[in-house]
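Report on the following structure.
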Amino acid sequence: MDLDFIFKWFILPLLIFLSRIFDVSFGTLRVILITKGYKYIAPILGFFEVLLWITVAAQLINNVNNFLYYVAYAGGFAFGTFVGIKIESKLSIGTVIFRIMAQGDSTKLLDKFQEMKYGVTKIQGFGSRGPVDVIFTIVKRKKIDDVITIIKEFNPKSFYTIEDIKFASHTGFMPEDNKKINLYRKLYKPHRKSK
């Protein structure tokens, strides 16, 4: 096998595949960051996303007869979407709201939330099996597993839902991991215009 054959049929398709993974991962993250209000990071990712896309598209246009490039392009797109979602999931960007329908006495659950410095709101509700305490708490996404563990330990029969929040007017009720001011967060946190 000569070097030209190896490059055309193995190396270039692999580069197209990997470039599409990075390109689409950047695109997936960019869209997620836009929806969460990170307006300063999203354009940077968009720049690299388009730069990679143009590079890959140029290779496809120059080699329209090689079907393997199309397969690499499509495969990179599919896998890049998956990788982008996985990266966002690991980063755990944003906040969520828990709606907890606590069965029976919810005192221990509320006490544990307060001990852990989670802000909570409790209202009385009526479910299909009788009275329930409806508890709301807003937490950072990276704390979801911690909150679920608390619920299962202190009110295991609770029914709960978790939803993403685009914006919260106050964040003082969410416990912080690190009290030091982080320059990155200060510069790149989500910005909202007040109405």
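A few comments on the model shown:
- Efficiency of FRET from Cβ geometry, His170 and Thr35, R₀ 22 Å, rounded to 0.05: 0.60
- Sites Gln124 and Ile97 - FRET efficiency at Förster radius 22 Å, r taken between beta-carbons, to 0.05: 0.75
- Relative packing of peptides 43-54, 113-124, 97-108 - highest average C-beta neighbours within 10 Å first: 97-108, 43-54, 113-124
- Fewest-first sequence of Leu12, Leu110, Leu91, Leu29 by Cβ atoms within 10 Å of each Cβ: Leu91, Leu12, Leu110, Leu29
- Mean Cβ neighbour count within 10 Å, used as a protection proxy, ranking 158-170, 126-138, 66-78 highest first: 66-78, 126-138, 158-170
- Unsatisfied cross-links (Cα-Cα over 28 Å) in the set Lys8/Lys86; Lys117/Lys166; Lys86/Lys112; Lys39/Lys140: Lys8/Lys86; Lys86/Lys112
- Average Cα contact separation per residue, the chain, under 8 Å, 6 or more apart, as relative contact order %: 25
- Förster radius 45 Å - calculated FRET efficiency between Phe7 and Ile144 (Cβ-Cβ, nearest 0.05): 0.45
Just so you know, all these numbers are worked out from the coordinates, no wet-lab data involved. All values derive from a computational prediction rather than experimental measurement. Reconstructed Cβ throughout: ideal geometry from the backbone, glycine too, with neighbour counts over all protein chains shown.
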